[in-house]
1. Exactly one condition in (1) surrounded by fewer than 21 Cβ atoms within 10 Å (Cβ to Cβ); (2) over 17 Å from C:Phe250 (Cβ atoms) is not met by C:Ala278; state its number.
2. For region A:64-103: of the residues being closer than 10 Å to A:Gly38 by Cα and not charged (D, E, K, R), which is surrounded by the fewest Cβ atoms within 10 Å (Cβ to Cβ)?
3. Which residue is farthest from the other protein chains (Cβ to nearest Cβ), if the candidates are limited to region C:235-266 and must be in contact (Cβ under 8 Å) with a residue 40 or more places away in the chain and not in a strand (DSSP E or B)?
4. Considering only region C:63-106, state which residues are within 14 Å of chain B (Cβ to nearest Cβ), of a type in the set (Phe, Trp, Tyr) and buried (at least 21 other Cβ atoms within 10 Å of the Cβ).
5. Six or more apart or on different chains, Cβ under 6 Å: which pairs go from a residue in region C:120-141 that's farther than 26 Å from C:Arg104 by Cα and within 14 Å of chain A (Cβ to nearest Cβ) to one that's outside any loop (DSSP other than H, G, I, E, B) and acidic (Asp, Glu)? Could you list them?
6. Scan region C:171-179 and give yes if some residue there is farther than 26 Å from C:Phe276 by Cα, of a type in the set (D, E, K, R), within 14 Å of chain B (Cβ to nearest Cβ) and surrounded by fewer than 16 Cβ atoms within 10 Å (Cβ to Cβ), otherwise no.
7. Does C:Phe186 meet the test of being crowded, with 19+ Cβ neighbours inside 10 Å and in a strand (DSSP E or B)?
8. Which one of B:Gly124, B:Gly111 is at positive phi, of a type in the set (Gly, Ala, Ser) and touching a residue at least 40 places away in the same chain (Cβ under 8 Å)?
Amino acid sequence: MRLVLVLIAAGLAACAPAASPPPDDAVLVRARLVEPGGARVFALYCASCHGETGNAPGTPAVMGPRALDDFDSEPGLRGFVSRRMPPRGTLEPDEVSAVSRYLWRVARLR
Amino acid sequence: MVRTRMFAVVLAGFCAACSSNSALAGAGGWQSSKADLYRARFVPDPEPPATGQNALDITLEASDGKPVEGATIAIEPWMPAHGHGSSAVPVVQGVGGGSYHATELVYTMPGQWELRVDVSAGAGDDQFAVPLDVQ
Amino acid sequence: MTGARVRAGVVLSVVLVALSLARPARAQACCTATGSSGFGVVGRCHFAALAAQLAYERGHGSFDARGRYRTLRGAEVDDVVLSLGGGIRLGTPAWQIYGSVPLRLQYRDLGGLAPAGAVGPGDASVGLRYMAVEDLVTGIDVHDARTFVPFVEPFVGVRAPTGRGPTGSKTPSGVDATGDGAWTAFAGVAVTKFLTLRDALVLVGSWGYRFPHDVAAAGGGARRFSTGQEVRARLAFVRVFNLFWSGSVFASVIFTSDVAQDGQRVPYSATRRVRFGASLMRYVVYPYWKLGLSASLDPPIEGFGQNIPFASASVACLVQRNFTW
């Protein structure tokens, strides 16, 4: 019985789903200082799903290595956010621009 | 020699007053009612009083020192800092010679309590306020 | 053979837990920190939250009017408290309303009385909170003044006497007294400052006005009882280990001033309660479900309490469901 409990505990500890690597601390800090408005929009409306460092499990990585490689430019990213994010609810146009600039800066600062 | 003896008596009296049980101000000592109609001594049981069920022995005298028999005594335990008493109603019975025994005194928690003792007897109605430190 | 397998299992679980703690992924730092300033408070990145906490409290002693500590003698005091709470943002990220209501199961075994238990609601509370200032969540950089700005959230609220007050008790031991018996209006502020990307200090202070109320006197009539005004302060250090784990330690103090009865101040009736505690939180279904464990204690140290009948130790577990935008 004791062995079963120990193995269950080990299994729970191991079951935390994997997350993709986050951006460097320095990159995150720099982006938040340069684009505070976008950082705020991300924290309020995006972080709950994507994680504060944009790499939460179960959602596409939006920060960190190779994040946003599917987008050629910031306007492309902005168009996607404007059409699709967040899944429930909408962002104002200036919020879309701000968060897109913030994410693009994180991606470019790496 | 006389002065030394007097000093010793005063000192002994002072020490007796100082060493009064901290659980009950005036325990074993007499205290006067609010209108000075009566004097009484209150001895808690157990001493010091404890959380839960307690009893109290009361010795009641008139202002002239004569024991008061047949008085009607009502007691209300009260916790001043918390603004509540106890739902149990104390029962007071006379045991003769100016002595009374109170039971069903319930202190629901430790801390500073006050017994509000209403006395009704030949000299009239009066009240005592008896502080207690319940452990 | 069985002992060897158990040892292997223990080593394996320790290694796996250590690995999970060491993962580079970082957690919802600002959500965790801003949501830790009160039960049912919605963290910054969430839209709403529902929480349930089950706590066990056991009395270990009392503090008298002069702050002297005594262990409980001839008395056993045990409480199990189920608290339900939650909050929701009011159309904008800046405003939220939140509240909680406890359900108390209380047990008293006092000298000379039969042991007794009772169940009843405690005092419910509701609050309104506004995020007035926001931290950039970059950690402090001495070369950039902007990085010193914390989250500042003023709040107001009321606590209602939904529990049975002490004067309404119908039991000899007072076991059915589950509340204060008085309305309290409170106002305060929560300040959260990120020292680094992972570490935050949370300071919450409030002042409460406890409304006077009438208390029945044994011989008939009523007394006007004014419970002392209340000041609360709580300082916590929150560490976000990774995406899933966070922990905190805290110290809190609650003061009330002298009470008044029928307009007369009652000397030596002020109260003081100091408490220390720690908690550990984990997301079990990210980002929705979170579990937590906590423990706290009124330390049995002279002067750390005043007029506290039952100083206690407590353990609690929490489950919280977060709702996203």
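1. Failed condition: (2).
2. From region A:64-103, those closer than 10 Å to A:Gly38 by Cα are A:94-103; that's our starting set.
Keeping just the survivors that are not charged (D, E, K, R) gives A:96-100, A:102-103.
On the way: A:Val96: 21, A:Ser97: 19, A:Ala98: 21, A:Val99: 27, A:Ser100: 27, A:Tyr102: 26, A:Leu103: 28.
Taking the candidates together, the pick is A:Ser97.
3. C:Phe241
4. C:Phe63
5. Hits for this filter: C:Met131/C:Glu153.
6. Scanning region C:171-179 turns up no residue that is farther than 26 Å from C:Phe276 by Cα, of a type in the set (D, E, K, R), within 14 Å of chain B (Cβ to nearest Cβ) and surrounded by fewer than 16 Cβ atoms within 10 Å (Cβ to Cβ).
7. Working: crowded, with 19+ Cβ neighbours inside 10 Å: yes; in a strand (DSSP E or B): yes.
Yes: the conditions hold for C:Phe186.
8. On the way: B:Gly111 fails: touching a residue at least 40 places away in the same chain (Cβ under 8 Å).
Going through B:Gly124, B:Gly111 in turn, the sole match is B:Gly124.
The values are calculated or read from the model by the stated rules, or taken from the named source; none is laboratory data. No experiment lies behind these values; they were computed from the predicted model shown. FYI the Cβ positions are ideal-geometry reconstructions off the backbone, even for glycines, and counts take in every protein chain you see.
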